[in-house]
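Asker: Below are the structure tokens for one structure; questions will follow.
Just so it is clear, none of the values below were taken in a lab; they were calculated from the coordinates. Values in this document were obtained by computation on a predicted structure and should not be read as measured data. So basically every Cβ, Gly included, is an ideal-geometry build from the backbone, and we count neighbours across all protein chains shown.
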Number of protein chains: 6
Amino acid sequence: MLIHLSSWPEIDARLKTTKTVVVPIGSNEQHGPTGLLGTDWLCPEIVAHAAERQDEQLVVAPTFNIGMAQHHLAFAGTISLRPSTFMAAITDWVSSLSRHGFERIYFLNGHGGNVATIEATFAEIYAEWSFVEEQPPFVLKLRNWWDLPGVHGFCNRMFPTGHGMHATPSEIAVTQAAYPHLVKTAAMEPRIAPVGPIRDALDYRARFPDGRIGSDPLLASPEKGQEIIDVAVPALLKDVADFTAEVLP
Amino acid sequence: MLIHLSSWPEIDARLKTTKTVVVPIGSNEQHGPTGLLGTDWLCPEIVAHAAERQDEQLVVAPTFNIGMAQHHLAFAGTISLRPSTFMAAITDWVSSLSRHGFERIYFLNGHGGNVATIEATFAEIYAEWSFVEEQPPFVLKLRNWWDLPGVHGFCNRMFPTGHGMHATPSEIAVTQAAYPHLVKTAAMEPRIAPVGPIRDALDYRARFPDGRIGSDPLLASPEKGQEIIDVAVPALLKDVADFTAEVLP
Amino acid sequence: MLIHLSSWPEIDARLKTTKTVVVPIGSNEQHGPTGLLGTDWLCPEIVAHAAERQDEQLVVAPTFNIGMAQHHLAFAGTISLRPSTFMAAITDWVSSLSRHGFERIYFLNGHGGNVATIEATFAEIYAEWSFVEEQPPFVLKLRNWWDLPGVHGFCNRMFPTGHGMHATPSEIAVTQAAYPHLVKTAAMEPRIAPVGPIRDALDYRARFPDGRIGSDPLLASPEKGQEIIDVAVPALLKDVADFTAEVLP
Amino acid sequence: MLIHLSSWPEIDARLKTTKTVVVPIGSNEQHGPTGLLGTDWLCPEIVAHAAERQDEQLVVAPTFNIGMAQHHLAFAGTISLRPSTFMAAITDWVSSLSRHGFERIYFLNGHGGNVATIEATFAEIYAEWSFVEEQPPFVLKLRNWWDLPGVHGFCNRMFPTGHGMHATPSEIAVTQAAYPHLVKTAAMEPRIAPVGPIRDALDYRARFPDGRIGSDPLLASPEKGQEIIDVAVPALLKDVADFTAEVLP
Amino acid sequence: MLIHLSSWPEIDARLKTTKTVVVPIGSNEQHGPTGLLGTDWLCPEIVAHAAERQDEQLVVAPTFNIGMAQHHLAFAGTISLRPSTFMAAITDWVSSLSRHGFERIYFLNGHGGNVATIEATFAEIYAEWSFVEEQPPFVLKLRNWWDLPGVHGFCNRMFPTGHGMHATPSEIAVTQAAYPHLVKTAAMEPRIAPVGPIRDALDYRARFPDGRIGSDPLLASPEKGQEIIDVAVPALLKDVADFTAEVLP
Amino acid sequence: MLIHLSSWPEIDARLKTTKTVVVPIGSNEQHGPTGLLGTDWLCPEIVAHAAERQDEQLVVAPTFNIGMAQHHLAFAGTISLRPSTFMAAITDWVSSLSRHGFERIYFLNGHGGNVATIEATFAEIYAEWSFVEEQPPFVLKLRNWWDLPGVHGFCNRMFPTGHGMHATPSEIAVTQAAYPHLVKTAAMEPRIAPVGPIRDALDYRARFPDGRIGSDPLLASPEKGQEIIDVAVPALLKDVADFTAEVLP
């Protein structure tokens, strides 16, 4: 059940039996010479929507499509929230979803650069309760889609070299599976991009001139993307089910 | 050209000839017994994407899908940002887009409840420059899709009674045109919803029990929605062209 | 009853019978070659104080004299709050007045540029309650003095041409009625000022070199101002009475 | 020259010869059984406006009439800003006045409870420059009106007993001189109010049931108030002149 | 009992009999040619830890070692919080300590420049309760170590000339008593530093080229420092005992 | 060179040859039945100060002793900053240190719960530069002391079972080496604490009743702590030297 394509009485009815909601969250940022700028929010959306098609009990929120991407701002098309803004926005999403009775809020994340800020946000939210000795009416969980059980290993076996850390062939492939008419190609030199630390935008562009980090996105194909999706979808359904079933102390 | 389905070199190249970007912006909130929760962000997205298909020079950002909907929070599925959060997020979008060289940033809005906060944000952004006697490198414009020249009159003629202010048949129709398999129906009593002031969420729900204000959404149909889109798309293209061509003092 | 000229026991006693308070709110900003910088806060103060003299049951707060005027900052004497500051301050006024038992807080506004931010503030305040399913102990209302029933039409009939949008003869006239010794004159070229969009301060000054928008303030006179006040005062008293009498759902 | 009763060209012209502006700043808060709620902003306004009548070269801003009065909130009519709001607002006033070329900004304060927050604000403003090794284009000064040279001693001699710290006969007298028709009286028990620490609003009301601290406001009279004003006005003019003439290192 | 050198069960046990905690708070900032940069946080720490050694019932929190020192930023080694940051941090300390049941929170301060911001913070904290007519579960107190009863007079008698306001021989001496191996010396010209107003960092450095204000730190010695400590410690123990014993209204 | 025990001219002189500063950063939070509440800020302080004794060219800032510990707030003595406060404070430390010319700022961290917020802060700081296409004048680095090259493996070999994640024998041992008179003991049941997710404070206390996660702190001894320090100190010196020597792109 996709919230944005449902009416409020439909969500209201579903809340009688389901207290869990999945929020696809990512970033809109450069993904190398061929990757879509939307890659990091499209991937969790693709996986979550595919899972919803398999199990329409799954409640999926709209996609949180802009995240923390300050280091990519030297590449056209990147849109970034400051971490403080990102924190405020996630907080308001949680407040809204909790207001309706969702008690388990599961963020399916598509951008490694979001992790620190999302975790800091969880702490900011929990702190309001911790300072006053009250129990929050919700539990929050963050899961990167590539960290769904089995996915990371599967991708590494599929791309034993050139997987890298940014504009990886696995994420590119997932978007190619969903948007096969948008497969792009380009010459890339070196074939496998360099690696290094991540700092501000100018530093990033100087280190990684075409945007990639450690990856060879040309290894991607729509078919491989579909294979990854096929591994990720059941893993997501199981992970959400486990989260829903978890007994709190 | 949809930013999120492009690569950064493609946006980079387009920026050589285009300095204008369209940002569909809306809200995820209840739209009565039959309307999609995503109506207010889907409508500007539908119109902007249709316009981009007619003129692929048009650069369209990802959709800003959560806005200011505090008054709808008593209806399941609504997600709202506080105005202060909304302001911070819009500011970061503007900073990001301006960083790449976009000089005219056009927000195509789908939610009346967003207007005050978006205008306040523009003032907040401009104030940074006004306090220090500097010229901002961008111009900001807000346009509600129903205020595109010709659209409002067209909708009023199409729905002479029962158009109302929330969950209007025109916006419902637009989403039905784009998602015809999701046309929903429900008994609504009274057929035309009441009107009144908008305050907090509990007050809203007490005044407008099924969420509608002044509207009869059952008047909507996919065909009518397509007619509206067909009026809105050229109006948008012309409005953006005028904005792009405007000579600054 | 003017709060600032009363003692606390007097306000305490009045609160036994009155739960409504009127807050004159405006801006300190340029008003063309002849208008007083205080025009936008003086006008609602003049009207509210005149109303209080007619009905001393009316509780009037001190005047909130600085608002959102970033676009006027290129003209000497203008003082502006950032919208975010303005929001915080209005919030604290509401918290304070609500603390004492005022349940209906009526802002009589004198500056069009304040409207968006005041409305965003109302939403920010209400959101705290909407997120947690609680009813706020107050109702907020914004009314521009020129939108008091009957006033706008009266002014338009009085000034069929040259009324414009900023430094209008009607607001200038109201201040002249209250401060007749301060009537100023100046050559204005063109007689009716240009119109156009409002953006940052430098853009504003380039478009509107003497500060006026669309107006001919030389049409003003103290006598006309008094006529306007005489229309506005009963309209305010009735509007406040209606607000006080409104039954909540 | 009162800014709010001037036009922008008048302020513009004055700025050619004057770079100093006086900002009366105070608070709207209970002042015991007989004192006006506006006492703390009326007093600096009364003194500053009287000074401006003697020397119309003096530029006086509108009165900043709401300050930090959280401890008085248990008494009806008090309006308080949180310190953080107060800081933001003062910052915006300074930014606005500095924008026009005012280089010496003199706050004439009427409320002891404002002092800490105003000083913290000055530090917050200066910090922006200190962090980046730049010189601010303005100098800020805070002066309580009762600390103008000669005033404090004069008041103490006038009221050797019962002056106290809040709702003092001297401040009450100053407002009586300006508003003689509003002289109020009440039985007060004890005649001289108790003293003690200042904390939150409920604590304050428990300690100081009628609002006074250490004072006997019945000692006030309009005549005494005028005497105080007559001492304060030349002291203010001299203090401002000294501030204007101060040579920076 | 030093919190940071205790285990949580030890603090838990102590809270059964003690509801008061002492927080040494200061600043890390230049202290002239010879003073330690840590002087202002070391002094209250030295005094509080010495007191704790005499009465191990005294609960002492970790030292809050960075305060408001923007005016010293032109001297290497100074670290400053903006007042707004300082306020947020103190608020969180108070929330944390109150969470555990500490009801009397006593800040022993070592930096005059902290006073305004700490007092503004207390007001910010109290305001949350004052706005809603609730009693906070704690009482806050600020005491500068040199204002402990008897200390100021003792220091003035010890240093009848050259005590000054910054890098005073008394504070230097206290650190010398605790760190006798770190006694530094330097030529200072003039022997007694100048005095003047405190503004931004560049202004400060221009007025006070070696950092001192009005002081002759060469008068300090470890022995004198020990004498001061010996006066301050019993004064602190008594002051804390009085604070603990204070009956609230 | 410890900044807080130096004078400003000493730091000034050192800055001629050194542009790197080490900031020990941690948290004050419960560490199980026997661990010191200060463990997480004491450990990086102990290691950094030991390193400074070996190489007095190393510039070490005062210890940032309060971090993000909301999940420990149900245990007495814990003091936590909200992440947003923590971010503001780190930002001000960086601004201050950068002001003096430190170009490489190395945070030696002692608390895993700080990592997300510190990384988010780095992004917040960098974003200011990334939005405007400027290069920051500093590079920031975060290193947990247990992640210094070689340390983690050493600790794991020393404690093959019962190391765990919180109140680990390695961190307890390091504090025992520095404070051998404070070695505490207690019965712990079970000997190795449970593991699980970290959420709010009440959830944490319910899952981990004595505060430990997965650890057996009784394995610690001062001797083992000294061995760990002896491994960490050269690792820190080398890591800082590498950071200093790193060539920027």
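Asker: Averaged over its residues, how many other protein chain Cβ atoms are within 10 Å of peptide E:192-200's Cβ atoms?
Answerer: Mean partner-chain Cβ count within 10 Å for E:192-200: 4.
Asker: Among C:Pro190, C:Leu108, C:Leu148, flag the residue with its Cα farthest along the positive direction of the charge dipole of the stretch C:3-242, charges on Cβ as +1 for Lys/Arg and -1 for Asp/Glu.
Answerer: Farthest towards the positive pole: C:Pro190.
Asker: Could you state the angle between the C-alpha long axis of helix E:222-245 and the longest principal axis of the C-alpha atoms of chain E, as a value from 0 to 90 degrees rounded to the nearest 10?
Answerer: On a 0 to 90 degree scale, this one is about 20.
Asker: Quick one: work out the % antiparallel among DSSP beta bridges in chain D, nearest 5.
Answerer: Percentage antiparallel, nearest 5: 15.
Asker: How big is the dipole moment of chain C about its Cα centre under a simple scheme where the beta carbon of each Lys and Arg is +1, that of each Asp and Glu is -1, and everything else is neutral? Debye, nearest 20, please.
Answerer: Magnitude of the dipole: close to 440 debye.
Asker: Here is a further query. For chain B, find the longest principal axis of its Cα atoms and tell me its angle to the long axis of helix B:169-178, 0 to 90°, nearest 10.
Answerer: On a 0 to 90 degree scale, this one is about 70.
Asker: Set the Förster distance to 22 Å, then compute FRET efficiency between C:Val247 and B:Val195 from the Cβ-Cβ distance, nearest 0.05.
Answerer: 0.90
Asker: Let me ask you something else. Distance between the C-alpha centers of the stretch C:32-97 and the stretch A:7-44? Whole Å please.
Answerer: Rounded to whole Å, the Cα centres lie 44 Å apart.
Asker: Please tell me the relative contact order of the stretch B:1-159 in percent, rounded to the nearest whole number, where contacts are Cα pairs under 8 Å and at least six residues apart.
Answerer: Relative contact order for the stretch B:1-159 comes out at 26 percent.
Asker: Turning to a different aspect of this structure: Shielding of A:29-40 by partners, i.e. mean partner chain Cβ atoms within 10 Å per residue?
Answerer: On the way: counts 2, 5, 2, 3, 4, 4, 3, 8, 11, 6, 3, 1.
For this peptide, the per-residue mean of nearby foreign Cβ atoms is 4.
Asker: Considering only DSSP states other than H, G, I, E and B, which GluC sites (Glu not before Pro) in the stretch C:18-57 qualify as loop sites with at most 12 other Cβ atoms within 10 Å? Write down the numbers at each step before the final one.
Answerer: On the way: sites: C:Glu29, C:Glu45, C:Glu52, C:Glu56; in loops: C:Glu29, C:Glu56.
Sparse-neighbourhood loop GluC sites (Glu not before Pro): C:Glu56.
Asker: May I ask you to derive the FRET efficiency for C:Thr17 and E:Gln135 from their Cβ-Cβ distance with R0 = 22 Å, giving the value to the nearest 0.05?
Answerer: On the way: r = 29 Å, r/R0 = 1.32.
So the FRET efficiency works out to roughly 0.15.
Asker: For label points placed 7 Å from Cα toward Cβ, what is the shortest-first list of nm distances from A:Val247 to its copies?
Answerer: 5.3, 5.3, 6.1, 7.7, 8.3
Asker: Where along chain B is the Cβ that lies nearest the axis linking it to chain E, and how many Å separate them?
Answerer: B:Ser84, 8
Asker: Moving to a separate point now. Give me the percent of DSSP beta bridges within the protein assembly as shown that run antiparallel, rounded to the nearest 5.
Answerer: If I count the DSSP bridges inside the protein assembly as shown, around 15 percent turn out antiparallel.
Asker: I've got another one for you. With a/c under 1.5 counting as rounded, go ahead and sort the stretch B:19-103 into rounded, prolate or oblate using the C-alpha gyration tensor (a ≥ b ≥ c being the square roots of the eigenvalues; past the cut-off, prolate if a/b is larger than b/c, else oblate). List each step's numbers first, then the result.
Answerer: On the way: a/c = 4.80, a/b = 1.42, b/c = 3.39.
Oblate is the answer for the stretch B:19-103, as a/c is 1.5 or above yet b/c matches or exceeds a/b.
Asker: Just the ratio, please: alpha-carbon radius of gyration of chain C over 2.2 N^0.38 Å, N its number of residues.
Answerer: That ratio works out to 1.02.
Asker: Return one number: the angle in degrees, 0 to 90 and rounded to the nearest 10, between the long axis of the Cα atoms of helix C:115-130 and the longest principal axis of the Cα atoms of chain C.
Answerer: Its long axis makes an angle of about 20 degrees.
Asker: Just for the Cα atoms in the protein assembly as shown, what are the lengths along the principal axes, largest first, rounded to whole Å?
Answerer: Largest to smallest, the principal-axis extents are 93, 92, 53 Å.
Asker: May I pose another question? Using alpha carbon centroids, what distance separates the stretch F:128-196 and the stretch E:214-229, in Å?
Answerer: 40 Å
Asker: Within the stretch B:42-68, name every residue whose backbone N is under 12 Å away from a label modeled 7 Å from Cα of B:Glu223 along the Cβ vector.
Answerer: none
Asker: For E:Gln57 and B:His152, FRET efficiency with R0 = 45 Å and r from the beta-carbon atoms, rounded to 0.05?
Answerer: Efficiency computed from Cβ-Cβ geometry: 0.05.
Asker: Quantify how strongly other chains surround peptide D:201-211 by giving the mean number of their Cβ atoms within 10 Å of each of its Cβ atoms.
Answerer: If you average over the peptide's residues, the count of other-chain Cβ atoms is 4.
Asker: Order D:153-162, F:227-236, B:129-138, F:105-114 from most to least packed using the mean count of other Cβ atoms within 10 Å.
Answerer: F:105-114, F:227-236, B:129-138, D:153-162
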